[in-house]
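Since the structure comes first, as structure tokens, the remarks are kept for the end.
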Amino acid sequence: MTANESKQPTATYDSAFLKACRREPVPHTPVWFMRQAGRSLPEYRKVREGVPMLESCMRPELVTEITLQPVRRHDVDAAIYFSDIVVPLKAIGIDLDIKPGVGPVVEQPVRTRADLARLRDLTPEDVAYVTESIGLLVRELGATPLIGFAGAPFTLASYLVEGGPSRTYENAKAMMYGDPELWADLLDRLADITAAFLKVQIEAGASAVQLFDSWAGALAPADYRTSVMPASAKVFEAVAGYGVPRIHFGVGTGELLKLMGEAGADVVGVDWRVPLDEAQRRVGPGKALQGNLDPTVLFTDKDTVAAKAREVLDAAAGLEGHVFNLGHGVMPNTDPDALTRLVEYVHTATAR
């Protein structure tokens, strides 16, 4: 599928999810959950048993099964492709692994200009399993949209420079402040890799894409605008011609919401810290919003979940477009039945 071909109507075009992303009238508020496919589902734990995370992302039939599991169980309005943000880095030869209980760990962190040579271009052949997986999924999903995704340049850079997860990002931010030219070149290289990864997903049949800038909330707005936003904007611009909705999400990004929209997103994801009506004021017109129930609410009783979901829907009442989601990913110990009930509640409460 080329960029021009993707602008033609597809089986998913009139779905509630894509209509909401386009800020068009919907039959009900669409719902999906970040990390909806994962450890909260016993069927996920069963099929993943004994299979390392990165390996599971490279097995098309396993990826297909895991991606479909929450669609079958919860009746969500969209599937999200099962993968991990470090998959494209692994695909170009970066020595890394996802260690249980830790997260992505990079054997040789990127700290010098010479290290940039290890970040070669990503080709479709590097991730042929992604093309195969999405082909299988699109056939199975029918009219249900599939969301492709990638990690944003800043978040990928944070892992690469730190060598793994960090709470302070001291090495990454030291490079950003102390060697801005190296930092800019690193993010620009990662923008190209990320854009290539998203293009593979769209061309294989993804109906929308989400850029996860999970750790952008660690940045001041001025630093984001100068040192991060150009790379994210490059990613969004690279896939603009496909005509699929582009979603932008980060955690703790209340002070960055306007800038994240300006980077090129059609839909801005909002975590639970900012009510959606206030988020709309910050983002400004012309964008749909996604979010934003606190994931911990799902550990309470049914009535509390419904009441808190109602608060989110009430705050979203004046939005141009709204996709209901959590303010971050589904937590591993979440009761799957609570998610199923939440989807049913939102669908019923917003039926038009």
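State, as an integer percentage, the relative contact order of the chain based on alpha-carbon contacts under 8 Å between residues 6 or more apart. Could you put the intermediate results ahead of the total?
Values: 676 pairs, mean separation 79.1, N = 352.
Rounded, it is 22 percent for the chain.
Name the long-range amide H neighbours of G252: under 5 Å, sequence gap of 5 or more, or other chain; modelled H, no Pro or chain starts.
Answer set, sorted by chain and number: D271.
Under a point-charge model restricted to the Cβ atoms of Lys and Arg (+1) and Asp and Glu (-1), what is the dipole moment magnitude of the range 187-229 relative to its Cα centre, in debye to the nearest 20? Intermediate results must be reported in sequence, preceding the final value.
Details: 3 positive and 5 negative charges, 5 e Å.
Its charge dipole is roughly 20 debye.
Based on the Cβ-Cβ distance from A349 to E24, what FRET efficiency comes out when R0 is 22 Å, to the nearest 0.05?
Numbers: r = 20 Å, r/R0 = 0.90.
Efficiency for this residue pair is about 0.65.
With 23 Å as the limit, write out which pairs from K258/K308; K19/K287; K234/K287 have Cα-Cα distances beyond it, or answer none. Before the final figure, lay out each step's value.
Details: K258/K308 25 Å; K19/K287 13 Å; K234/K287 18 Å.
Listed pairs above 23 Å: K258/K308.
I'd like the distance between the alpha-carbon centres of the range 106-172 and the range 38-66, rounded to an integer number of Å.
18
Once the whole set of protein chains is in place, how much accessible area is left on K287, using a 1.4 Å probe, in Å² to the nearest 10?
50
Keeping all protein chains in the complex and leaving out DNA, RNA and ligands, what accessible area do you get for H347 with a 1.4 Å probe, in Å² to the nearest 10?
Counting only protein heavy atoms, the figure is 30 Å².
Pairing the Cα long axis of helix 180-204 with the longest principal axis of the chain, what angle in degrees results, from 0 to 90 and rounded to the nearest 10?
Roughly 50 degrees, rounded to the nearest 10.
Distance from the Cα centre of the range 208-247 to that of the range 249-294, in angstrom?
The range 208-247 and the range 249-294 have Cα centres spaced 12 Å from each other.
Go through 269-280, 73-84 and give me the packing order, highest mean Cβ count within 10 Å leading.
Going by the mean number of other Cβ atoms within 10 Å, highest first, we get 73-84, 269-280.
May I ask for the angle, rounded to the nearest 10°, between helix 302-315 and the longest principal axis of the chain, with both axes built from Cα atoms and the value confined to 0 to 90°?
The answer is roughly 70 degrees.
Order T350, T340, T112, most accessible first, counting only protein heavy atoms with a 1.4 angstrom probe.
On the way: T350 15, T340 45, T112 65 Å².
The ordering from most to least exposed comes out as T112, T340, T350.
Just order 134-146, 198-210 by mean Cβ neighbour count inside 10 Å, highest at the front, would you? Kindly include the intermediate steps, with their values, before the conclusion.
Details: 134-146: 18.5, 198-210: 23.8.
Ranking the peptides 134-146, 198-210 by packing returns 198-210, 134-146.
Please list, by residue number, every one of the GluC sites (Glu not before Pro) in the range 44-123 that is coil in DSSP and has at most 11 other beta-carbon atoms within 10 Å.
Details: sites: E49, E55, E61, E65, E107; in loops: E49, E107.
Those satisfying the criteria are E49, E107.
Which cross-chain or sequence-distant (5 or more) residues have an amide H under 5 Å from the amide H of T350, H modelled 1.01 Å from N in plane?
Placed amide hydrogens put T29 under 5 Å from T350.
In what order, largest first, do F17, F212 sit by accessible area if the probe radius is 1.4 Å?
Working: F17 0, F212 30 Å².
My answer, sorted largest first, is F212, F17.
Determine, from the Cβ-Cβ distance of E255 and K302 and an R0 of 35 Å, the FRET efficiency 1/(1 + (r/R0)^6), rounded to the nearest 0.05. It would help to have the intermediate numbers written out before the result.
On the way: r = 34 Å, r/R0 = 0.98.
Working from the Cβ atoms, E equals 0.55.
Take the Cβ-Cβ distance between A222 and R167 as r, set R0 to 25 Å, and report the resulting FRET efficiency rounded to the nearest 0.05. Numbers along the way, then the final one.
Numbers: r = 22 Å, r/R0 = 0.87.
Result of the calculation: an efficiency of 0.70.
List the lysines whose Cα sits under 17 Å from the Cα of K99, skipping any in the same chain fewer than 8 residues away.
Excluding near neighbours in sequence, the set is K90.
The values are calculated or read from the model by the stated rules, or taken from the named source; none is laboratory data. Computed from a prediction, not measured in an experiment: that's the story for all the values here. Backbone-built Cβ (ideal geometry, glycine too); neighbour counts: all protein chains shown. Quick note on the areas: whole protein, heavy atoms, side chains included, nothing else; ligands and nucleic acids left out. Shrake-Rupley method; radii C 1.70, N 1.55, O 1.52, S 1.80 Å.
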